1. Kindly establish whether PHE89 is surrounded by 21 or more Cβ atoms within 10 Å (Cβ to Cβ) and modelled with pLDDT of 95 or more.
2. Hey, any hits in region 463-480 for a residue that's of a type in the set (Phe, Trp, Tyr), surrounded by 14 or more Cβ atoms within 10 Å (Cβ to Cβ) and either closer than 30 Å to VAL311 by Cβ or outside the structural domain of ALA341 (by TED's automatic domain parsing) (or both)?
3. Would you confirm, using the coordinates I've provided, whether ASP477 is modelled with pLDDT under 90 and not in a helix (DSSP H, G or I)?
4. Just to be sure, is ALA487 more than 22 Å from ASP344 (Cβ to Cβ), in the same structural domain as GLU410 (by TED's automatic domain parsing), small (Gly, Ala, Ser) and part of a helix (DSSP H, G or I)?
5. Within region 340-360, take every residue that is β-branched (Val, Ile, Thr) and over 20 Å from the mean Cα position of the chain (by Cα) and give me the one that is nearest to CYS488 (Cα to Cα).
6. Can you give me the number of residues within region 187-219 that are outside any loop (DSSP other than H, G, I, E, B), at pLDDT 50 or above and buried (at least 16 other Cβ atoms within 10 Å of the Cβ)?
7. Quick one: VAL517 ticks every box in (1) in contact with a helix residue (DSSP H, G or I) (Cβ under 8 Å, 6 or more places away or on another chain); (2) of a type in the set (A, V, I, L, M); (3) surrounded by fewer than 24 Cβ atoms within 10 Å (Cβ to Cβ) bar one, so which box is it?
Amino acid sequence: MAQHREPPLAPRVSALIASAMVAVASGTPYVYAVYAPQLVKHAGLKGSQAASLALALSLGGSLGGLPAGLIIDSLGPQLATAFGGIICFIAFHSLHWAYTTGSKNVLVYMFSLGLSGFASVLSFYSTVKCATANFPHHRGSAGALPVSGYALASLLYSTIAVNFFDGNTVGLLRFFSIFAPAVCIGCAYFIHIVENPTPAKRRTSSIHSISERSTLMNPSGSVTSFRSMAGPPPQRKGSMHKIMSLWGLARTPSTLSMDAQRPTFTLPEINESRSDDSSAIYVAVEDVPVFVKAGGPLWDNHIVKAITTRVFVKFYIILACLMGIGQMYIYSVGFVVVALAQSDPENKIPVGESQALQVSTIALFNFLGRLTSGPISDIVRRKFKAQRIWCITFAAVMMGFGQYLVTKMEDLNSLIMASIVIGFAFGFCFGTFPAIVADTFGTEGFTTLWGVMSTSGVLVLMTLCNYLAGVLKSNSDDDGVCTLGAACYAQTFVLTQWLCLFVVVLTVFTIWYNHRVALSSH
């Protein structure tokens, strides 16, 4: 039996380090709040126009995720990273030009900010794909580095802005137009997927690994015939086996985060070696069992098949809820601080200082959540043989607890506890989800699928922000002042608690469903 050889470690490590550096450099959207007030004031923009700038930046990153994914999957992470650096230069150079010339054209600012958001996700998603593809057995840990680095950007750039560009918005924009593109373009050389040095033996080792790896069978005639070639499946055991397989401890078909509807994938490198009379060939692709349809083209409606599966829809809904809830708090914590400050006449802490403290706290624990989620999800997956989606259940519980704390904190000092919990839960969710998507659908087309998923939170975010604005307005006087403390906004965060409970129920149902599919395949 031909032994499977992993790609060389050194280039994979260098690619991972470069990915982390690019991820930090591409996190420019997180620092928008640092120069936004000066930008709006200098350009003489009105309130509605100022809001449109933030919306353009958000849409550039969220809706731009899909085209970014298509570019990465078509060109590869190396060229996509360099391309992202070039777009970043164009975006911030345009923003710098508009600011220095005193342009009053809001469309120019919106275009520049939207382009910077797109450039950010293009480079960032390239690093995530590179990390997850190069370390298939440790996707969570490897992916956690660029994912956490992206969250760390806010702390890094905020520190640079305060210490080196305090009151110098022109210099700060010039710095962004040089530093971020230079890092992306300079590190792009190292960001590539390292191939296996012995592809000719891939089919042999994959076929021999059939007896060692159990798979979730696609309910089709071709799969059934191939299943008979691989030998009979193990017999179902007693109730203890069922309990263990629900948690993931028993060796059941690989349903760690997938439905019975998983799409088919095609690998061109095995086309020459497979026999024509085989209608389906099982191959182990980066530790993800997939089925390769004989004679099918590489893309064969790959993305369409993936996004129309029940499991993708469930993941989309779960991420939409958690992303929308987390971002709503991140974007609205300033209003929460104002409400608490107005309600406490004995408060001596400046509102601006309290807002900065909450933002920094969220950023720090968002980073820690992303950094720790990878290794923890890998331990859950590989050591305990459990479904990685348990980590999302944990994140949803934490997020719900954080929403509860917001309704109970009546002073600015205690609000920091809610920011810690919500920031960590938000980061933990985002640090785990890329590995879940890669486990489920493989890394072929990964960034396109992740780009589609990144659009999920926009509707929930806008709905919750509008609802919060309505709640604050209804509890405020004619001057917009609310002195009810946490009651000023509590109604909104009660709603988000119910949303978190819904996510917990949905993730537990997904785990149970995977368990049921695993047993039925026996």
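The values are calculated or read from the model by the stated rules, or taken from the named source; none is laboratory data. All figures in this text were calculated on a predicted structure; none of them were measured in a lab. For neighbour counting, all protein chains shown are included, and Cβ atoms are generated from backbone atoms with ideal geometry for every residue, glycine included.
1. On the way: surrounded by 21 or more Cβ atoms within 10 Å (Cβ to Cβ): no; modelled with pLDDT of 95 or more: yes.
No; evaluated as a whole, the condition is false for this residue.
2. Residues of region 463-480 that are of a type in the set (Phe, Trp, Tyr), as a first pass: 467.
Now restrict to residues that are surrounded by 14 or more Cβ atoms within 10 Å (Cβ to Cβ): 467.
Restricting the remaining residues to those that are either closer than 30 Å to VAL311 by Cβ or outside the structural domain of ALA341 (by TED's automatic domain parsing) (or both) gives 467.
Yes; the residues of region 463-480 include at least one that is of a type in the set (Phe, Trp, Tyr), surrounded by 14 or more Cβ atoms within 10 Å (Cβ to Cβ) and either closer than 30 Å to VAL311 by Cβ or outside the structural domain of ALA341 (by TED's automatic domain parsing) (or both).
3. Numbers: modelled with pLDDT under 90: yes; not in a helix (DSSP H, G or I): yes.
For ASP477, the condition - modelled with pLDDT under 90 and not in a helix (DSSP H, G or I) - is met.
4. Values: more than 22 Å from ASP344 (Cβ to Cβ): no; in the same structural domain as GLU410 (by TED's automatic domain parsing): yes; small (Gly, Ala, Ser): yes; part of a helix (DSSP H, G or I): yes.
When the stated conditions are applied, ALA487 does not pass them.
5. Filtering region 340-360 for residues β-branched (Val, Ile, Thr) gives 349, 351, 359.
Narrowing the set further to residues that are over 20 Å from the mean Cα position of the chain (by Cα) leaves 349, 351.
Numbers: ILE349: 20, VAL351: 17 Å.
Within region 340-360, the match that is nearest to CYS488 (Cα to Cα) is VAL351.
6. Qualifying residue count, region 187-219: 3.
7. It is condition (1) that VAL517 fails.
Residue by residue, here is whether (1) among the basic types (Lys, Arg); (2) under 23 Å from TYR32 (Cβ atoms); (3) modelled with pLDDT of 90 or more holds:
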{"position": "GLY369", "(1), (2), (3)": "no, yes, yes"}
{"position": "ILE376", "(1), (2), (3)": "no, no, yes"}
{"position": "ARG382", "(1), (2), (3)": "yes, no, no"}
{"position": "PHE394", "(1), (2), (3)": "no, no, yes"}
{"position": "GLY402", "(1), (2), (3)": "no, no, yes"}
{"position": "MET417", "(1), (2), (3)": "no, no, yes"}
{"position": "GLY423", "(1), (2), (3)": "no, yes, yes"}
